[in-house]
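Visitor: Take this structure, written in structure tokens, and hold onto it; I'll ask about it next.
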Amino acid sequence: MPAVKASIHQPPRVTVVIPAFNECATAAQILHAVLIQPCVAEVVVVDDCSTDGTFEIFSAAARSEPRLRVLRHAKNAGKGAALRTGIACATSPIVLIQDADLEYDPADYPALVNPIVSGKADAVFGSRFIGSGAHRVLYFWHAAGNRLLTLLSNMATNINLTDMEACYKAFRRELVQSIDIEENRFGFEPEIVAKVAKSGARIYEVAISYHGRTYAEGKKIGWKDGVSALRCIGKYGLLARPPGSQARKQVK
């Protein structure tokens, strides 16, 4: 595929999709951090029926920021559902996923989009487990669980990621919009990894910094989401048919 055209004077155009649920404490800060990145041409926020004023913060910002679009779900449906809504609305050549908290730093955007801009990659996944960026020290069992899920995902997809569950993922828009996102919650991560891998897309991985938060600070993912991730690895990785397999079967 041809490279996404960009230059020093004309940075790549990126749509940042932000799923948000009850993140009023960080909404204004993350929006500012995203919008100051030179490559950001569009921000699509999907508020997943927040009840703490998150939607109002983003909506107020949109009145003076033409690059910002704010959508709202009438009922809370989950991160995957919010991403499905936001990705469908993206218009830039590159689509990048950003959580509404401050765990991931938008200063990492150039590293994430560069393999796509240079024509080497169709998808780029961030990793908290490689490189020398700053990382907050938190839960051992979360890190162990992430590594186990990544290992199982790699076994199911035959790729060698180091951090399947990381939020930061960037895609060519045509690729990510061609994928049918089925999972409504955090199962989005193993689902999108499996489907991108099985599509034959060129995948790169880059080091990112990570400033994790505690449950007291608003962290939402729990052990039930880990169980759901196992189900998704099986469903979309081990048991899924390769793209085009049904068509080949009919030809036979």
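Visitor: Given the condition part of a loop (DSSP other than H, G, I, E, B), at pLDDT 95 or above and in contact with a helix residue (DSSP H, G or I) (Cβ under 9 Å, 6 or more places away or on another chain), answer yes or no: does some residue in region 7-19 qualify?
Guide: No, region 7-19 contains no residue that is part of a loop (DSSP other than H, G, I, E, B), at pLDDT 95 or above and in contact with a helix residue (DSSP H, G or I) (Cβ under 9 Å, 6 or more places away or on another chain).
Visitor: Which residue pairs have Cβ atoms closer than 6 Å, lie 6 or more positions apart in sequence or on different chains, and pair a first residue in region 92-106 that is modelled with pLDDT of 95 or more with a second residue that is among the acidic types (Asp, Glu) and assigned to a loop (DSSP other than H, G, I, E, B)?
Guide: Hits for this filter: ALA100/GLU23.
Visitor: Continuing with the same structure: Whether any residue in region 128-136 is surrounded by 19 or more Cβ atoms within 10 Å (Cβ to Cβ) and modelled with pLDDT of 95 or more is what I want to check.
Guide: Checked region 128-136: no residue is surrounded by 19 or more Cβ atoms within 10 Å (Cβ to Cβ) and modelled with pLDDT of 95 or more.
Visitor: Tell me, please, whether a residue that is more than 23 Å from ILE130 (Cβ to Cβ), more than 14 Å from the chain's Cα centre (by Cα) and not polar (S, T, N, Q) can be found in region 176-194.
Guide: Yes, some residue in region 176-194 is more than 23 Å from ILE130 (Cβ to Cβ), more than 14 Å from the chain's Cα centre (by Cα) and not polar (S, T, N, Q).
Visitor: Could I ask something else about it? Quick one: PHE58 ticks every box in (1) assigned to a loop (DSSP other than H, G, I, E, B); (2) within 20 Å of the chain's Cα centre (by Cα) except a single one, so which number is it?
Guide: Of everything listed in (1) assigned to a loop (DSSP other than H, G, I, E, B); (2) within 20 Å of the chain's Cα centre (by Cα), PHE58 misses just condition (1).
Visitor: Could you please give the count of residues in region 85-116 that are within 24 Å of ALA25 (Cα to Cα) and either in a loop (DSSP other than H, G, I, E, B) or not aliphatic (A, V, I, L, M) (or both)?
Guide: Looking only at that region, the number is 13.
Visitor: Has region 47-67 got at least one residue that is closer than 17 Å to TYR168 by Cα, buried (at least 19 other Cβ atoms within 10 Å of the Cβ) and not polar (S, T, N, Q)?
Guide: Looking through region 47-67, none of the residues is closer than 17 Å to TYR168 by Cα, buried (at least 19 other Cβ atoms within 10 Å of the Cβ) and not polar (S, T, N, Q).
Visitor: Looking for whichever is touching a Leu at 6+ places or on another chain (Cβ under 6 Å) and within 24 Å of SER118 (Cβ to Cβ) here; the options are VAL16, VAL95, VAL34, VAL40. Which one fits?
Guide: The unique qualifying residue is VAL16.
The values are calculated or read from the model by the stated rules, or taken from the named source; none is laboratory data. No experiment lies behind these values; they were computed from the predicted model shown. No Cβ is skipped: glycine too gets one built from the backbone with ideal geometry, and neighbour counts run over all protein chains shown.
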